[in-house]
Amino acid sequence: MTDKLSENLDPIAMSEQQFTQAACYIKELKEGLIDFLKYPKRITIVNFPIEMDDASVQSFQGYRVLHNQVFGPGKGGIRFHPSVTMDEVTSLAKLMTWKCALVNIPFGGAKGGVVCNTKELSEGELRRITRRFTTELADNIGPHTDIPAPDLYTNEQTMAWIFDTYDMLHPGKNNRPVVTGKPIEMGGSYGRKNATGNGVYYVTERFLSKSLIPEYQSIAGTKIVIQGFGNVGAATAEAFIRNGATVIAVSDSVGGVYDENGLSLEELIAFKAEHGTVVGMHNTMTITNEEILELECDILIPAALSNQIHSGNAHKINALLVVEAANNPTTPEADKILCERGIYLLPDIIVNAGGVTVSYFEWVQNQDNQRWELDEINTRLQKRMNSVMDTVFDRWQRYVVGEDVVSDDSIIKLSDGDKPGFRNIALSIAIERVAKATLMRGIWP
Ligand code: NAD
């Protein structure tokens, strides 16, 4: 049971809070730019009818938010989930702007979603929703405008339908770069499916090598708990197990399974494919999605929904390190509690950036109809993830040892007792880059 929440879970309020805390660490931030950086460039809301399999008609609502295009076209996933809201999509689009800037890829931030429950829809209904949504977005998406990718409850198949729809509407052009995360046969990239999970592994391994956690300098021998066993959760489990970790618990929307001696990845995948959930797998103990977060482990990896670690359960987290594979899994209040408890947290903006990085590789390959080998993709990915972790760690360390201090001239002030976390520092680097580039371009007209 979690305790009562004492915080505002509004996604816009939370992302504003994160922005404000990060902005304290930015040396020069022109005051007039703050609102430009905070608010999205464009919000598209569409309503459309779909003919269902039983000949009834249902209406659906979808969103695409383009937050910022200073570095290039918008980039960000499309999610299909009953709890999708415009505010959630907006806050995730903003996070994408910072993520792309942090990993130095020439994209801005965007995100999209359709309010629907994929578990209650047939494949035909999903295809019609995807095609109609894509048509409604019209030229708000495009290879040089805004490029979608998979996210919660969307996958390679969804991307293939988006590509096909866009291609039908724009014949005679190379439209492959309109969307990433496509099937390999349709111009998808080797390594994209596991990119986010591999990135989670590379960043964690790099972080452990810094010796901040004396118990572990490497993943080998660590005990891991993963909430969520979808695309990201399963690929993360694979990368960690391959490198000598023991995954003691995983979960999905139904619940979780636990075995203190370690779960078999092959059995998890086979059981989930047959039963639609990991719950019930032989020789495992069933646990809830709340309990899984409180298990004693070395590394806790939320890889499902937002707001999973909050003021009601942050004091019960029993890990040395939290690694955010999902987007926004930790609330600002929980961030503070974990920091006070000495639990390190690697934030989403670094941890799950492997997905958008290989999406960028896919986009580059599509421009020239090239195909890079898997080894090349993974080598490039690891190099980037290591470099991002190093950049953030070095800046963080400078603040911790006092080489860098928050300037008294900073427009936004720190509250008493605020300590820099990796999220503040990573966000501050990204926001600073976007702010600088905005001014370097020169403000139009
Ligand atoms: P997915 O749809 O493939 O998997 C989602 C998983 O979450 C499933 O296992 C589902 O059962 C589980 N889940 C759903 N409701 C749950 C609940 N209430 N409690 C626990 N688990 C629950 O989605 P995904 O692509 O793996 O995305 C997971 C997270 O990672 C999201 O936050 C997404 O934004 C983020 N992300 C994804 C990518 C990517 O490349 N797919 C990249 C960056 C970030």
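The values are calculated or read from the model by the stated rules, or taken from the named source; none is laboratory data. Values in this document were obtained by computation on a predicted structure and should not be read as measured data. Here the Cβ is made from the backbone with ideal geometry for all residues, glycine too, and neighbour counts use every protein chain on show.
Brief remarks on what is shown
- Within the set I213, I226, the sole residue that is part of a loop (DSSP other than H, G, I, E, B) and touching a Phe, Trp or Tyr at 6+ places or on another chain (Cβ under 9 Å) turns out to be I213.
- Residues (among the hydrophobic types (A, V, I, L, M, F, W, C), within 13 Å of the ligand (Cβ to nearest atom) and out of contact with any Gly (no Cβ under 8 Å at 6 or more places or on another chain)) located in region 301-316: I309
- Scope region 365-382; condition within 16 Å of the ligand (Cβ to nearest atom) and either under 30 Å from S15 (Cβ atoms) or basic (K, R) (or both); matching residues: L381
- Some residue of region 22-32 being β-branched (V, I, T) and buried (at least 16 other Cβ atoms within 10 Å of the Cβ): yes
- Only one of the listed residues (V114, V178) is in contact with a helix residue (DSSP H, G or I) (Cβ under 7 Å, 6 or more places away or on another chain), closer than 25 Å to T357 by Cβ and β-branched (V, I, T). That residue is V178.
- Restricting G197, G244, G230, G221 to those that are buried (at least 24 other Cβ atoms within 10 Å of the Cβ), touching a residue at least 12 places away in the same chain (Cβ under 8 Å) and closer than 25 Å to V278 by Cβ reduces the list to G197.
- Search result, residues across region 357-380 that are among the aliphatic types (A, V, I, L, M) and surrounded by 24 or more Cβ atoms within 10 Å (Cβ to Cβ): V358
- Test: residue in region 139-161 that is within 16 Å of N47 (Cα to Cα) and either in contact (Cβ under 8 Å) with a residue 24 or more places away in the chain or buried (at least 24 other Cβ atoms within 10 Å of the Cβ) (or both): yes
- Of all residues in region 324-364 being within 12 Å of the ligand (Cβ to nearest atom) and of a type in the set (V, I, T), the one that is farthest from L95 (Cα to Cα): V358
- Total residues in region 338-364, condition over 17 Å from Y201 (Cα atoms) and in contact with a Phe, Trp or Tyr (Cβ under 6 Å, 6 or more places away or on another chain): 0
- Breaking point among (1) at pLDDT below 95; (2) part of a helix (DSSP H, G or I), for D408: (2)
- Test: residue in region 38-59 that is within 14 Å of the ligand (Cβ to nearest atom) and among the polar types (S, T, N, Q): no
- Test: E267 is of a type outside the set (F, W, Y), assigned to a helix (DSSP H, G or I) and more than 24 Å from the chain's Cα centre (by Cα): yes
- Test: residue in region 88-107 that is among the acidic types (D, E) and more than 16 Å from the ligand (Cβ to nearest atom): no
- Only one entry of L169, L152, L126 meets the criterion of being in contact with a Cys (Cβ under 9 Å, 6 or more places away or on another chain) and either assigned by TED's automatic domain parsing to the domain that holds Y63 or within 16 Å of the ligand (Cβ to nearest atom) (or both), and that entry is L126.
- Considering (1) closer than 20 Å to A326 by Cβ; (2) touching a Cys at 6+ places or on another chain (Cβ under 9 Å), the lone condition that E88 does not fulfil carries the number (2).
- Taken over region 171-191, the residue count meeting the criterion of being touching a Pro at 6+ places or on another chain (Cβ under 9 Å) and part of a loop (DSSP other than H, G, I, E, B) is 7.
- Every residue from region 275-295 that is away from the ligand (no atom under 12 Å from the Cβ) and farther than 21 Å from S264 by Cβ: E294
- In the set D252, D259, only one residue is within 16 Å of the ligand (Cβ to nearest atom) and among the acidic types (D, E); that residue is D252.
- Residue count for region 21-46 under the criterion of being under 23 Å from the mean Cα position of the chain (by Cα), more than 22 Å from P420 (Cα to Cα) and not in a strand (DSSP E or B): the result is 4.
- Options E373, E290; residue that is of a type in the set (D, E), in contact (Cβ under 8 Å) with a residue 40 or more places away in the chain and within 30 Å of D146 (Cβ to Cβ): E373
- Checklist (1) under 17 Å from T204 (Cβ atoms); (2) not in a strand (DSSP E or B) applied to V247, failing item: (2)
- Qualifying residue in region 275-282 (condition: on the phi > 0 side of the Ramachandran plot, within 22 Å of the chain's Cα centre (by Cα) and not acidic (D, E)): no
- Restricted to region 52-142, the set of strands (runs of 3 or more DSSP E) holding at least 1 residues that are within 27 Å of T438 (Cα to Cα) and within 14 Å of the chain's Cα centre (by Cα) comprises 74-80, 108-114.
- Checked against (1) at pLDDT 95 or above; (2) surrounded by fewer than 18 Cβ atoms within 10 Å (Cβ to Cβ), Y399 passes all but a single condition, namely (1).
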